[in-house]
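The values are calculated or read from the model by the stated rules, or taken from the named source; none is laboratory data. None of these values were measured; they are calculated from a predicted model. Cβ placement follows ideal geometry from the backbone for every residue including glycine, while neighbour counts extend to all protein chains displayed. The accessibility values were calculated without ligands, DNA or RNA, using every heavy atom of the protein model including side chains. Shrake-Rupley method; radii C 1.70, N 1.55, O 1.52, S 1.80 Å.
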Amino acid sequence: MTAPATAPAPDLSVSFAGIQLKNPVIAASGTFGYGVEFEDVVHLNKLGGFVVKGLSAEPMAGNPPPRLYETPAGMLNAIGLQNIGARAFVEEKLPKLRKMKNIVVFANIFGYSREEYEQTIEILNEGEGIAAYELNVSCPNTSAGGIHFGGDPRALDEVVNTAKRISRRPLIVKLSPNVTSISQMARVAQEAGADAISLVNTFVAMAIDPETRRPRIANVTAGLSGPAIKPIAVRMVYDAARAVSIPVIGMGGISTAADVVEFMLAGATAVQIGTASYWDPVATEKIATELESWCVLHHIERVAALTGGVVTE
C-alpha cells in the first residue's frame, strides 16, 4: 500500500526593497542588542533578520535608571537610545556579524538633527554586511530629535529626503504612533523617498508609584510596548498599508504566530518582535518555527500571500 504523500513545506520567504528574507520574523531594534549578544541563545539564521540597537554618530549613555517598568500586558521603557556609536559598531560589531552565515542585518539610525542622521549614515555606508537602514524618527524617550521628526510632516519630509540622498542602502522609515494621522505620515515618508516603512514604535505613557508619589521611570514618561498595544498597532498598520504602495513592516505586541498572521492580513509584508524577547530571549525563533506550523495547519502554501488579506466585507 502506498503511503500518503507528504504536503510540501510552506514557503515562508518574503521580500521587500530588494531584500529577501527566509521568513517574515525580524527581531526589533532595542531588544536584540547588536545581534552578537544573542548568538549563543538564538539560532540567528532561523530568523528573517534582526535590527541592531539604534545607532547615533557619537556614543550615547542613555537615560538614568530606573528605565524599565512592567505594566499589565506590557512594559514601559525609557532607555534613551544608549549605544556605542556608529563608528564602534562598524569596527567592532559588524566584522563579527559578517562571519555569521545566512543572516540579514538591519541598522537602526537615530539623530538629534538632520546633520546627525547624515553623519551616522555616512559612517555606516563604510561598513559591509548591512542590508538596509531603519530610520528611527519615532523614539519618545529623548529630549530632542526622534519623535520631533516623526510627528511633524515637514520635518519628516526633510530628514527622509536627507537620508535617502546619501544612503547607499534601502531606507526603512520607522514611524511614530503618537500622531494624529498615521496615513498622512506614511504618505510623507513614501513621497520623501522611503523604500519601506515600519510601525509602530512605542506609545508615550507614564506610571506613578502611589506610595512615593514619584514616577516609576526616572525620565517621567516612557514608551509603552507589549501585547497591550497590539490592537492599536494592527489598526495603524492597516491604515498605513492602505495609504502607501511601499512595503509595510508591522510591530507592536507580537508574541505568537497568530499575531504575525494578524499583522500580515492587515497589510504587513514582514513583522518585528521586540518586547516578547524580554520575557523569553528565544521568542523570535520560537515564533518563526510556530509560523511554519500555523501555515501547515491552515494549508497556507506561501506566507507572503497573507499580506493585505483581511476580509472587511
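One residue alone among Glu70, Glu39, Glu58, Glu92 is touching a strand residue (DSSP E or B) at 6+ places or on another chain (Cβ under 9 Å) and of a type in the set (D, E, K, R), and that residue is Glu70. The sole residue among Glu122, Glu116, Glu126 that is out of contact with any strand residue (DSSP E or B) (no Cβ under 9 Å at 6 or more places or on another chain), open to solvent by 30 Å² or more (accessible area, probe 1.4 Å) and modelled with pLDDT under 95 is Glu116.
If I ask for residues that are over 28 Å from Leu68 (Cβ atoms), among the polar types (S, T, N, Q), open to solvent by 30 Å² or more (accessible area, probe 1.4 Å) and modelled with pLDDT of 95 or more, which ones from region 269-313 would you list? Hits for region 269-313 are Ser293, Thr307.
Quickly run through region 291-313 and pick out the residues that are outside any loop (DSSP other than H, G, I, E, B) and over 20 Å from the mean Cα position of the chain (by Cα). Before the answer, list the steps.
Of the residues in region 291-313, the ones outside any loop (DSSP other than H, G, I, E, B) are 291-297, 302-306.
Those that are outside any loop (DSSP other than H, G, I, E, B) and over 20 Å from the mean Cα position of the chain (by Cα): Glu292, Ser293, Trp294, Cys295, Val296, Leu297, Arg302, Ala305.
Among Ile217, Ile232, which is the only one that is β-branched (Val, Ile, Thr), modelled with pLDDT of 95 or more and in a loop (DSSP other than H, G, I, E, B)?
Step by step, each of Ile217, Ile232 is checked, and only Ile217 is β-branched (Val, Ile, Thr), modelled with pLDDT of 95 or more and in a loop (DSSP other than H, G, I, E, B).
Of all residue pairs spaced 6 or more apart or on separate chains, those with beta-carbon atoms under 9 Å, a first member in region 227-244 that is closer than 16 Å to Val204 by Cα and a second member that is of a type in the set (Asp, Glu) and open to solvent by less than 20 Å² (accessible area, probe 1.4 Å) are Pro227/Asp259; Lys230/Asp259. The set of residues from region 277-290 being assigned to a helix (DSSP H, G or I) and free of Cβ contacts under 8 Å to residues at least 24 places away in the same chain comprises Trp279, Lys286. Just checking, how many residues over region 266-290 are over 18 Å from Leu21 (Cβ atoms) and more than 16 Å from the chain's Cα centre (by Cα)? Counting residues in region 266-290 that are over 18 Å from Leu21 (Cβ atoms) and more than 16 Å from the chain's Cα centre (by Cα) gives 5. Only residues that are open to solvent by less than 20 Å² (accessible area, probe 1.4 Å), under 22 Å from Thr269 (Cβ atoms) and part of a helix (DSSP H, G or I) were counted in region 145-187, giving 7. In this structure, Phe89 does not satisfy being aromatic (Phe, Trp, Tyr), touching a helix residue (DSSP H, G or I) at 6+ places or on another chain (Cβ under 7 Å) and within 22 Å of Pro170 (Cα to Cα). Could you tell me whether region 255-268 includes any residue that is in contact with a Ser or Thr (Cβ under 9 Å, 6 or more places away or on another chain), open to solvent by 20 Å² or more (accessible area, probe 1.4 Å) and outside any helix (DSSP H, G or I)? Yes: one or more hits. Criterion applied to Ala73, Ala27 was being under 17 Å from the mean Cα position of the chain (by Cα) and under 19 Å from Phe263 (Cβ atoms), and the one residue passing it is Ala27. Within region 60-89, restricting attention to residues that are among the aliphatic types (A, V, I, L, M) and within 17 Å of Phe32 (Cβ to Cβ), the residue that is surrounded by the most Cβ atoms within 10 Å (Cβ to Cβ) is Leu81. Only residues that are open to solvent by less than 30 Å² (accessible area, probe 1.4 Å) and not in a strand (DSSP E or B) were counted across region 15-26, and they come to 2.
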